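Computed from the coordinates by the stated procedures, all read-outs in this text should not be read as laboratory data. Just so it is clear, the model here is predicted, and its values are computed rather than measured. Positions of Cβ are backbone-derived with ideal geometry, glycine not excepted, and every protein chain shown enters the neighbour counts.
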Amino acid sequence: MVEPRENPTDQSADALLKLILDEDRLVILGLAAQQPCTVRQLAAVLPGKRTPPAKHVAELVAAGLLRQVDDEQYALDVRQIQQWKRTLFARAAAPVPESSDEQILVTYVRGGKMIQYPAQQGKRLVLLRWLASHFEPGRAYSEHEVNEMLAGHSEDHATLRRYLVDTELLVRQAGIYQRAPDATDPDTTDQDVSGKDTV
């Protein structure tokens with residue numbers, strides 16, 4: 001008796017597709033899905049084929065697609081296929097944040113935009129440092145460019161721009177803005193950040 005594989009990862013997806021995407025094997029799987037069949041019955045449906053149906057059956061059993069129900073008959077292994085489906089299409093677990101800062105970003109950022117401005121000072125600074133990290137060090141930005149970069153967040157761009165300047169994450173001089181040299185360093189931003197206590 002041919003032993004089936006226990007896990008779809010025992011063979012590559014390409015190999016499994018290559019096995020299934022054969023007209024004769026598809027016919028065999030279709031018949032076996034309706035009722036158990038013997039190799040002789042399958043041979044009657046597939047006469048004159050170059051590859052003997054017995055070989056196809058052996059390959060399908062080895063792949064876990066067919067199961068032997070008695071000495072002669074084979075049926076579609078529905079339980080095994082359902083198990084494979086659960087394994088292959090299970091949702092991957094969300095990555096676990098490696099730090100408290102990452103956890104804060106996961107909570108308050110969606111699709112690259114801040115969805116809410118936190119009430120706690122420490123969380124605010126994490127969000128502001130994250131915003132500051134989008135500005136290139138050494139590059140000069142006009143107020144219009146800063147506003148464009150801060151658009152679409154939960155707070156209006158003027159308020160966020162003011163918070164970034166107040167915390168010295170952005171430096172403003174004569175209407176030109178630049179990212180502070182250590183803007184993303186947690187130890188350099190201990191200024192108070194005012195704002196709406198929404199959380």
Under the 7 Å Cα-to-Cβ spin-label approximation, THR107 and ALA43 lie apart by a distance in nanometres of 7.0 nm
As straight-line cross-link partners of LYS123, the qualifying lysines (C-alpha separation under 18 Å, not fewer than 8 residues apart within one chain) are LYS113, LYS196
If R0 = 45 Å, then ALA90 and ARG172, at their Cβ-Cβ distance, give a FRET efficiency to the nearest 0.05 of 0.35
Cα extents of the stretch 46-86 along the principal axes, largest first, in whole Å, come to 37, 21, 14
Net charge near LYS18 (other residues with Cβ under 12 Å of its Cβ; Lys, Arg +1; Asp, Glu -1) is -2
With label points set 7 Å from each Cα along the Cα-to-Cβ direction at GLN35 and ALA158, the distance between them in nm comes to 7.9 nm
Relative contact order as a percentage, the stretch 11-75, C-alpha pairs under 8 Å and 6+ apart, gives 37 percent
Karplus ³J(HN,Hα) for the stretch 109-119 (6.51 cos²θ - 1.76 cosθ + 1.60, θ = phi - 60°; Hz, whole; x = Gly/Pro) runs 10, 9, x, x, 10, 6, 9, 7, 9, x, 7
Diffing the stretch 53-58: the Karplus 3J(HN,Hα) column from phi (6.51, -1.76, 1.60, θ = phi - 60°), in whole Hz with x for Gly and Pro, holds x, 4, 5, 4, 4, 4
Here, the stretch 100-188 modelled as identical Cα point scatterers in vacuum has Debye log10 I(q)/I(0) at q = 0.12, 0.18, 0.25 Å⁻¹ of -0.32, -0.73, -1.40
Env charge @ VAL78, Cβ radius under 15 Å, K,R +1 / D,E -1, value +3
